[in-house]
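J.: Here's a structure for you.
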Amino acid sequence: MINILNVSKTFKTTEALKNVSFEVNDGEIVGLLGENGAGKSTLLRIISTMLSPTSGNVIINNHSILDDPQNVRKNIGILFGSEVGLYERLTARENLEYFAKLNGMADSQITERIDYLVEKFSFADYADKQVGTFSKGMKQKVAVARSIVHNPSVMLFDEPDSGLDFKAAKIIFDFMEFCKKEGKSIIFSSHSMENIKNYSDRMVVIHKGTVVKTFDVHEYREKYTDREINNILFSLVCDNDENV
């Protein structure tokens, strides 16, 4: 579970985030929607302990990013943008072994876990080949396996569809659904209203560092047409003062 508590972040004179608060339950996908510079990536980097907040806190499964960042990192998996984060001279299996050890997994667990992921993401045919020879879609499969090799309970995706073709993007979103079924808490950001609507349980709209709206996507789908939802989101994201 993720609890974001009044998180603010200031870079010199720029307020990137202003008192952002919401939570993500186990087995739930929360989508962050906003323009470039809205603060989505900054928030995800704070949650992942890559950045420190100016004020506020984030609690991951009862671990604070301020007081216990090491245990926070053990509880999260990260997949940011189109950055696969793999070593191209290593094989797919060697990459997974490296990240498993980096995350403190015992040697006795690693082989079984990697065999499971190789089968789950269907890359047995190239598991022992160098990643540098892979296509983008092949790398993406290994990257998603890498992000979950230590079986974290929280997953963070920063614009996971950025720069990907349809096939590679589908791998990512199928993976998100897989994480949800496993009961993980998931946050992803996107510029795409369609992806946010299609894959989120709840949506958090951020504008100029502030949460302007949080709502249940399923309830909105029952209440409004697809076009009406798009108009509502466009109004919120583009700073229209219309009441929604």
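The values are calculated or read from the model by the stated rules, or taken from the named source; none is laboratory data. A quick note: this is a predicted structure, and the numbers were derived from the prediction, not measured. So basically every Cβ, Gly included, is an ideal-geometry build from the backbone, and we count neighbours across all protein chains shown. Quick note on the areas: whole protein, heavy atoms, side chains included, nothing else; ligands and nucleic acids left out. Shrake-Rupley method; radii C 1.70, N 1.55, O 1.52, S 1.80 Å.
J.: If you check every pair at least six apart or on different chains, which have Cβ atoms under 6 Å apart with a residue in the range 74-98 that is under 15 Å from Lys129 (Cα atoms) and among the β-branched types (Val, Ile, Thr) first and a residue that is open to solvent by 70 Å² or more (accessible area, probe 1.4 Å) and modelled with pLDDT of 90 or more second?
T.: Close Cβ pairs (under 6 Å, with a partner that is open to solvent by 70 Å² or more (accessible area, probe 1.4 Å) and modelled with pLDDT of 90 or more) amount to Thr91/Asp128; Thr91/Lys129; Thr91/Gln130.
J.: If we keep just the residues of the range 197-243 that are out of contact with any Lys or Arg (no Cβ under 7 Å at 6 or more places or on another chain) and of a type in the set (Gly, Ala, Ser), which is modelled with the lowest pLDDT?
T.: It comes out as Ser235.
J.: Spot the failing condition for Ile232; the list is (1) open to solvent by 50 Å² or more (accessible area, probe 1.4 Å); (2) within 17 Å of Leu32 (Cβ to Cβ), and only one is missed.
T.: If we test Ile232 against (1) open to solvent by 50 Å² or more (accessible area, probe 1.4 Å); (2) within 17 Å of Leu32 (Cβ to Cβ), just (1) comes out false.
J.: Something else about it: Being in contact with a helix residue (DSSP H, G or I) (Cβ under 9 Å, 6 or more places away or on another chain), of a type in the set (Asp, Glu) and within 24 Å of Leu86 (Cβ to Cβ) is true for just one of Asp201, Asp158. Which residue is that?
T.: Every option except Asp158 fails the conditions.
J.: Okay, moving on. So which of Ser8, Ser48, Ser55 is open to solvent by less than 30 Å² (accessible area, probe 1.4 Å), farther than 21 Å from Glu159 by Cβ and in contact with a strand residue (DSSP E or B) (Cβ under 6 Å, 6 or more places away or on another chain)?
T.: The match here is Ser8.
J.: Tell me whether the range 178-187 contains one or more residues that are open to solvent by 20 Å² or more (accessible area, probe 1.4 Å), of a type in the set (A, V, I, L, M) and in contact with a helix residue (DSSP H, G or I) (Cβ under 6 Å, 6 or more places away or on another chain).
T.: Within the range 178-187, not a single residue is open to solvent by 20 Å² or more (accessible area, probe 1.4 Å), of a type in the set (A, V, I, L, M) and in contact with a helix residue (DSSP H, G or I) (Cβ under 6 Å, 6 or more places away or on another chain).
J.: Taking the range 134-154 as the region of interest, how many residues are in a helix (DSSP H, G or I), open to solvent by 30 Å² or more (accessible area, probe 1.4 Å) and out of contact with any helix residue (DSSP H, G or I) (no Cβ under 8 Å at 6 or more places or on another chain)?
T.: 0
J.: If we keep just the residues of the range 121-133 that are of a type outside the set (A, V, I, L, M) and loosely packed, with under 15 Cβ neighbours inside 10 Å, which is nearest to Ile171 (Cα to Cα)?
T.: Across the range 121-133, the extreme among qualifying residues is Ser122.
J.: Of the residues that make up the range 111-133, is at least one under 21 Å from Ser48 (Cα atoms) and either aliphatic (A, V, I, L, M) or out of contact with any Leu (no Cβ under 7 Å at 6 or more places or on another chain) (or both)?
T.: No, the range 111-133 contains no residue that is under 21 Å from Ser48 (Cα atoms) and either aliphatic (A, V, I, L, M) or out of contact with any Leu (no Cβ under 7 Å at 6 or more places or on another chain) (or both).
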